[in-house]
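Down below is the structure, laid out as structure tokens.
No value in this document is a laboratory result; all are computed from the given coordinates. Small disclaimer: the values here were computed from a predicted structure and weren't measured. Cβ sites come from the backbone with ideal geometry, for glycine too, and all protein chains shown count toward neighbours.
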């Protein structure tokens, strides 16, 4: 495997360098004639913005949302690395800005997902959530544009990542293989960090208190570190203690983020930093509540009912080191290099309760205690260059890049030496005794490596017409040991991922687009000859219309899409994989998802912000049967604020249609476990008491809706969503 990896690295590097050199030789004379770089700083007197140092070319836009008060952004590069505006990007995209995060008090990545158009989450237990879009699970993540990966089943704090670290969160729906590599055609989520960009000492401190004994303190300080302001620093910290509506469940969380920015030259910027988040929940749950009693009747538990024990926990630590380097040439070209190291660790002594209790006695539940330890270590590299050029009297742009990701994952396990009886589940209060534990053994290990070279070209064909073409070649390798002790080692090499988009500017406000994007997802199934099947291939066909109102302060889009996922492994009846007892498989047509999305986000007036989104899809397999039915087919989200002098009032809702899971009940019959449609309403009010001091009140689930966050999708068990809650925050700016 090492020789294959080394060979492909050389091949991809050679291709990337050759493409870059050829393009440079072709367009260099025109590109270098475009003039020199300019350093721009725009001041909007109507918006209270932080002083910043920006080194940027005229063709680039500042995408930062912090301090703008906006619900949108000027540009994003999650889809193509070309730094396009939302209107110029030929895909369905969303940006959750810093202002929206603060107004809604979106504390975790899960909160953001539940507020983003077309995205949903399913809760597995107290600390784990699965994210989905367009009928597929989301497994494509980026931090500052650098791809990273994790599996929701082996969570080490990822879905609980605190938003205090980020300026904004960008989402590209559909296939995103050009910049993400392997994954499903669902969506890509890019977490964009806050930057150390202030030339003055500035920041804020805040304290908050809320329902279930929630108490939190945060601080965010930026300062120049030399007189010229060419070296700047930023420190962000947060500490949280909170209870829960679930009995005995508590959490302690600490977050730290430190970053330095240095203008090495007038045209060269370096950012380095470290972030660390530590989650210490107690009485964590593993799984959910039983759906049925033993006689097949449905249960109706209190939302506070727990399946955790006093000693169970889902401790996790997430540490990230990073360095980013950006250089802008006088010609207008730029090069960007980023390296990050992610270390995720989890310590999980847990107990899983299974079965269905007797309706009268509460007896009949079984317990499975286990102690797991996870560690995931990732090294991620992304290097790309952008080159604007002129050809035939028109302005164009190209980008070429190289991406590498290496992930080592290990799961250790201790089995219980004794398993106390559950007893009467009605009386379960978390006092279940902790068992004695056996020796630690390796439960699973795997090493995954992905190397990709990519390029994209933006061609101005005519004044109203722009063509974007892109492609990626990827090598993907994995080796390790399954939980049953079986060893595995397989690869998918030289997988080509195309990208194409056509944008037609109808006028200065409206643009229409059509696009084709692609992504692949490796699978370990083998055919009757012992060959591994080709990866799942997700093909995303999309068309839509976008608009920029009020000079880009308000964005709107309507998109229609179709996704085809092919090469799905199916049992090849009557055949085994040679030399094994494993069922052989063949590749078949997979899921088809068809739907549309609509979103409006930004400022209607200087005092009125709005974010509204609607999505709808239908997903079926090759036989026409609905798939992934635990994902609601229709969702809507709305949040708006209006400023009245010192008082800002806001509110909104998240709505989703019904969803269901087919589960076998205690009587052996397949039964539908359904969550009906529901809406969760929110209110907020913020009062600016002085120029520095403000108070903000947020109320969630205003009408105290009782609903499931998991309706049987996780081993036929239930999880309830949070009741009505409130949080009051005092914030001081300095």
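For the chain, adding -39500 (n - 2.57) for each run of n ≥ 4 DSSP H residues and dividing by the number of residues yields -2000 deg cm²/dmol at 222 nm. Normalising the average separation of contacting C-alpha pairs (under 8 angstrom, six or more residues apart) by the number of residues puts the relative contact order of segment 591-690 at 21 percent.
Relative contact order of segment 192-733, please, whole-number percent, based on alpha carbon pairs below 8 angstrom and at least 6 residues apart. Let's see the in-between values first.
On the way: 1522 pairs, mean separation 46.7, N = 542.
Rounded, it is 9 percent for segment 192-733.
In a fully extended conformation the segment linking residue 341 and residue 429 would gain 27.6 nm over its present Cα-Cα distance, using 0.36 nm per residue. For residue 704 and residue 608, the FRET efficiency from 1/(1 + (r/R0)^6), where r spans their Cβ atoms and R0 equals 25 Å, is about 0.30. Placing a label point 7 Å from the Cα of residue 507 along the Cα-to-Cβ direction, the residues of segment 544-581 whose backbone N falls under 20 Å from that point are 544-558. In terms of other Cβ atoms within 10 Å, 282, 115 run from fewest to most in the order 282, 115. Note on residue 354/residue 486: beta-carbon distance plugged into 1/(1 + (r/R0)^6) with R0 of 22 Å gives a FRET efficiency of 0.30.
The label-point distance for residue 227 and residue 363, in a model that sets each label 7 Å from Cα toward Cβ, rounds to 8.4 nm.
Using alpha-carbon positions, what is the distance between the centroids of segment 572-590 and segment 393-467, in Å? Distance between centres, Cα-based: 27 Å. For the pair residue 459 and residue 514, label points projected 7 Å from Cα toward Cβ lie 1.6 nm apart.
Counting every Cα pair in segment 512-586, what percent are over 21 Å apart?
Values: 1442 of 2775 pairs.
Everything past 21 Å amounts to 52 percent.
Express in whole angstrom the spacing between the alpha-carbon centres of segment 220-284 and segment 123-190. The two parts, judged by their Cα centres, are 20 Å apart. Using 0.36 nm per residue and subtracting the Cα-Cα separation, the extra length available between residue 381 and residue 732 on full extension is 122.6 nm. Each of 468, 604, 189 was scored by other Cβ atoms within 10 Å of its Cβ. Listed from fewest to most, they are 604, 468, 189.
For a quick protection proxy, order the peptides 658-668, 233-243 by their average other-Cβ count within 10 Å, most packed first.
Details: 658-668: 15.5, 233-243: 17.8.
Descending mean neighbour count gives 233-243, 658-668.
Take the Cβ atoms of residue 575 and residue 618, set R0 to 35 Å, and the FRET efficiency comes out at 0.55. The modelled label-to-label distance between residue 274 and residue 437, using points 7 Å beyond Cα along the C-beta direction, is 2.7 nm.
Compared with the alpha-carbon gap, the fully stretched path from residue 215 to residue 692 is longer by 169.6 nm at 0.36 nm per residue.
Going by how many other beta carbons lie within 10 Å of each one, how would you line up 562, 394, fewest first?
Ranking 562, 394 by Cβ neighbours within 10 Å, fewest first, gives 394, 562.
Each part reduced to its alpha carbon centroid, segment 499-571 and segment 611-688 end up 23 Å apart. Each peptide in 636-649, 320-333, 175-188 receives the mean, over its residues, of other Cβ atoms within 10 Å, and ordering these scores from highest gives 175-188, 320-333, 636-649.
Working ranking of peptides 290-300, 77-87 by packing, defined as the average number of other Cβ atoms within 10 Å per residue, highest first, is 77-87, 290-300.
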